[in-house]
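Reading through the structure tokens given below for one structure.
Quick note: the coordinates plus some simple rules give every number you see, no bench work behind them. In this text the structure is predicted, and so the values were computed from the model without any measurement. Every residue, glycine as well, gets a Cβ built from its backbone with ideal geometry; the counts of neighbours run over all protein chains shown.
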Amino acid sequence: MNVNAIREQFPILHQHINEHPLVYLDSAASSQKPRSVIDAMKKYYESDNANVHRGVHTLGSRATDAYEGAREKIRAFLNAKSVQEIIYTRGTTTALNLVAASYARAVCGEGDEIVITPMEHHSNLIPWQQAAKATGAVLKYIPLQADGTITLEDAQRTITDRTKIVSIVHVSNVLGVINPVKEIAAVAHRYGAVMVVDGAQSTPHMKVDVQDLDCDFFAFSGHKMCGPTGIGVLYGKKELLEKMEPIEFGGEMIDFVDLYESTWKELPWKFEGGTPIIAGAVGLGAAIDFLQEVGLDAIEAHEHKLASYAYERLSAIAGTTIYGPGPRERAGLITFNIEDVHPHDVATVLDTKGIAIRAGHHCAQPLMRWLNVSATARASFYVYNTEEDVDRLADALHQTKEFFGHAIG
Ligand code: 7TS
């Protein structure tokens, strides 16, 4: 993988921030976009823009072809059986809310169980809290080990024949933990439960095969994988989606409407009420082309190397705590704190040196409480980052520590 050639394709990276060359280490929040994605969206607006699924005019069919063509790219990317299993959403949050609002409310009753973990992003936690409150179901947690991982044994102990839904993050946005979702799906299925996977942090960084995982639902966001904001996907097994009711009603999703009754279009459109995010779908299709050209295996290996190097350099800074498992078992991000320096101060000082990291609770407040912190700093890596970026981060952290050390002392 030629990182310099890849960097050339990302216009945003070639600028100075606060008089330093930009080092972007916040891709877990949102990734940057290659020129091919920006150009595909520009071309769509400049030459093909129209509404989809209605016009008989040429632009209408071009827009429909672009929108549906991107769906086929997504199907192939995930190795789903059918494009009917690919529902466009606004992102992971909307995708998970759809499952919680439609599927969970239909299948859960008093005393049934929904199983998640304490490492979930709020997007894979609050929708289940709400569904549990609405149905009388019980929300149960697979406990975390000391290093933030979960074990299959604990999953087996937590999932029972009252469990209707298991919903787990594939890769944690805080701990970098990669969860054994395929094995947990097998346990869920043994008890007749469905397996939902939050793939927001895995899909951009590793090969995902929904048939191999045998998950029932899988959610992800375009903007974390070189695509635009405002577009994401819910994959669902056709037999489940067919039984589910839409949660949004209106144009685009109907078959026949009468004064008191209406019927829905077939999959996937019954879940896509209203004029969809057409340019977003086009951009996501271009992002998938880009990722496949580089190769997901190469991307994963590159990030693993960077994260391992960052782990080594950051562990060498006295007073630094790194959260989550060791470098061998983690994805491409490092969440950490420096003793006696608030993570917001760390991020602010780093910004003065042109380095963008995230600080805060990372939309995982229960996990912050488990870690016994109110916030952390996080550096996350992607296809365009280099070892030099890691060096800049580590050097800047040394300086931050000295700066605050002197200030406190
Ligand atoms: N699930 C996980 C694991 C995530 O990391 C995120 C976003 C979401 C769900 C929600 O995705 P959205 O596209 O619907 O917002 N995570 C982060 C983050 O770590 N920093 O900013 C956003």
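Of the residues 172, 30, 167, the one with the fewest other Cβ atoms within 10 Å heads the list, and the complete ranking is 30, 167, 172.
Look at the dipole of the chain built from charges on Cβ: of 53, 127, 259, the Cα furthest out on the positive end belongs to 259. Computed from the C-beta positions of residue 83 and residue 261, the FRET efficiency with R₀ = 35 Å rounds to 0.80. With respect to the chain, whose longest principal axis is taken over its alpha-carbon atoms, helix 278-294 is tilted by about 50°. Cα centroids of segment 171-243 and segment 281-346: 20 Å apart. Positive end of the dipole of segment 195-336 (Cβ unit charges, origin at the Cα centre): among 206, 314, 282, the Cα lying farthest that way belongs to 314. For the cross-link pairs 140/270; 182/270; 140/164; 73/305, the ones whose C-alpha atoms lie over 22 Å apart are 140/270; 182/270; 73/305. Taking the chain as a Gaussian network of alpha-carbon nodes connected by springs under 10 Å, the highest mean-square fluctuation of the residues 11, 366, 268 belongs to 11.
Only Lys, Arg, Asp and Glu carry charge here, each on its Cβ (+1 for the first two, -1 for the last two); on that basis the chain has a dipole of about 220 debye about its Cα centre. In a simple Cβ point-charge model (Lys, Arg +1; Asp, Glu -1; nothing else charged), segment 309-360 has a dipole of about 220 debye relative to its Cα centre.
Among 333, 240, 367, the residue with the largest mean-square fluctuation in a Gaussian network model of the chain, with springs joining Cα atoms closer than 10 Å, is 240. Note on segment 11-105: with charges restricted to the Cβ of Lys and Arg (+1) and Asp and Glu (-1), its dipole about the Cα centre is near 300 debye.
Distance between the C-alpha centres of segment 85-121 and segment 150-165: 17 Å, rounded to the whole angstrom.
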